[in-house]
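Structure first, then comments.
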Amino acid sequence: MPNDVQEAPVSQRAAYAVRPTVFVDGQQRADVHASLRTCVVSEQEGGMSSLSLCLSNWGVTSGSVGFLFDAGGPLHLGTRLKVYFGETSAPCGLFEGDVHAIEARGSVGTPPELVLLAEDDLFALRCARRTAFYESQAIGDLVQAIAGNHGLQCDLGDLPTGSGNWAQLNESDLAFLRRVLARHDCDLQLNGRTLQVRRCGEGDRGTLSLALYSQLQQVRVIADLAQQVSAVTASGFDVSGGSAFTATGSGAHLGAGSGTTGADLLPGNRSEHLGGPVAPNQGEAQALVDAAFDQRARRFVRLAGSTEGNPALRVGTRLRISGIGQRFDNSYDVIEAHHRFDQSHGYRTDFTAQSAFLAQP
């Protein structure tokens with residue numbers, strides 16, 4: 001990793017004001033802002049971000065002391081929430097979705113609390129379960145068809161080419177898309193009302209630099225050979241061509257980082273044969289073994305960290321990590337992020353990232 005890489009400040013101001021901004025059905029409410037106790041926005045590979053918003057539910061309302069957000073008020077099942085994190089003078093929208101669960105909490109010595117649980121608009125795809133057959137469709141066309149059923153736009157990256165037949169058997173639309181895309185080493189995320197699909201490890205959410213004992217406040221990183229292989233193979237019979245085929249994958253899209261892969265460090269050959277997925281031809285088999293190998297390879301080095309709150313740290317962000325030694329100072333792709341705010345610790349971001357490489361063994 002270059003020694004001259006520098007962290008970008010999370011704020012241009014001397015004091016980093018980070019209290020989340022919450023819009024309720026399009027309106028910013030002072031009572032919600034003042035009552036906010038904790039807020040967590042979580043996202044991961046496979047899409048569907050979630051929100052947990054905890055509010056103090058006791059105070060002066062309508063001239064008397066009582067519940068601030070009781071039945072009949074602005075907060076209820078189906079309420080639309082939009083949450084912004086980061087510097088309050090220029091916040092970044094991290095979540096928009098509907099409340100699907102409400103929880104009340106109370107205990108002796110503390111005021112009552114109201115917890116709102118919400119998911120983004122991929123919730124509709126999770127709840128739409130069906131059996132369907134898609135004939136002779138490319139992956140991009142399949143994604144557009146399902147997204148269109150839910151009124152979503154599509155932003156498709158460099159997806160695998162070719163067409164095929166796809167069977168959705170008593171699956172939700174979200175589970176079906178996740179299964180098909182994972183089979184070809186792709187990921188989906190929702191940005192507003194746009195469904196973004198990219199190859200895993202090729203996200204376009206920018207690059208951040210983090211240094212241990214600076215913005216990177218806590219880290220745990222491990223390189224594990226247990227799931228690493230030197231090759232992934234698959235075989236089958238092409239009915240239309242009348243011939244048998246064998247495909248071998250040993251690395252096509254390894255993602256972030258540079259150095260030595262897990263496969264390079266294995267004491268001998270360790271091949272994995274795919275017995276489950278059925279491939280109709282050589283091209284499909286090659287795509288499957290490449291995806292299976294790359295998914296294993298990218299899990300070789302796994303890093304879990306906690307940083308000063310940064311709304312730019314999202315799933316798909318590429319991190320340049322320094323300060324943890326020559327072995328692990330490298331670039332990593334974020335696969336999970338949790339943006340947390342509470343009154344004790346302020347705003348922090350916990351994340352998980354991965355790389356297929358050890359910078360130096």
- Would you check if residue 143 is under 23 Å from residue 336 (Cα atoms), aliphatic (A, V, I, L, M) and not assigned by the TED database to the domain that holds residue 49? yes
- Item | Neighbours by Cβ (under 6 Å, 6+ apart or cross-chain): first from segment 62-86, within 30 Å of residue 308 (Cβ to Cβ); second of a type in the set (Ser, Thr, Tyr) | 84/21
- Tell me, which residue of segment 313-361 that is out of contact with any strand residue (DSSP E or B) (no Cβ under 6 Å at 6 or more places or on another chain) and among the small types (Gly, Ala, Ser) is farthest from residue 209 (Cα to Cα)? 344
- Query: Applying the selection to segment 110-164, what residues are part of a helix (DSSP H, G or I) and under 30 Å from residue 70 (Cβ atoms)?
  - Reply: 123, 124, 126, 127
- What are the residues in segment 294-318 that are of a type in the set (A, V, I, L, M), part of a strand (DSSP E or B) and out of contact with any Lys or Arg (no Cβ under 8 Å at 6 or more places or on another chain), if any? 301
- Is there any pair with a first residue in segment 274-291 that is free of Cβ contacts under 8 Å to residues at least 60 places away in the same chain and a second that is of a type in the set (Val, Ile, Thr) and surrounded by fewer than 18 Cβ atoms within 10 Å (Cβ to Cβ) whose Cβ atoms are under 8 Å apart and which are 6 or more apart or on different chains, and what are they? 285/246; 289/248
- Could you tell me whether segment 315-327 includes any residue that is in contact (Cβ under 8 Å) with a residue 24 or more places away in the chain, under 23 Å from residue 189 (Cα atoms), of a type in the set (Lys, Arg) and surrounded by fewer than 23 Cβ atoms within 10 Å (Cβ to Cβ)? yes
- Message: Being touching a residue at least 12 places away in the same chain (Cβ under 8 Å) and farther than 28 Å from residue 274 by Cβ: is that true of residue 191 here?
- Response: yes
- Query: So, of the residues in segment 131-181 that are touching a strand residue (DSSP E or B) at 6+ places or on another chain (Cβ under 8 Å) and at positive phi, which turns out to be modelled with the lowest pLDDT?
  - Reply: 162
- Run residue 237 past the list (1) under 30 Å from residue 125 (Cα atoms); (2) in a strand (DSSP E or B); (3) of a type in the set (Phe, Trp, Tyr) and report the number of the one that doesn't hold. (1)
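The values are calculated or read from the model by the stated rules, or taken from the named source; none is laboratory data. Computed from a predicted model, the values in this text were never measured in an experiment. Positions of Cβ are generated from backbone atoms using ideal geometry, with glycine treated the same way; all protein chains shown enter the neighbour counts.
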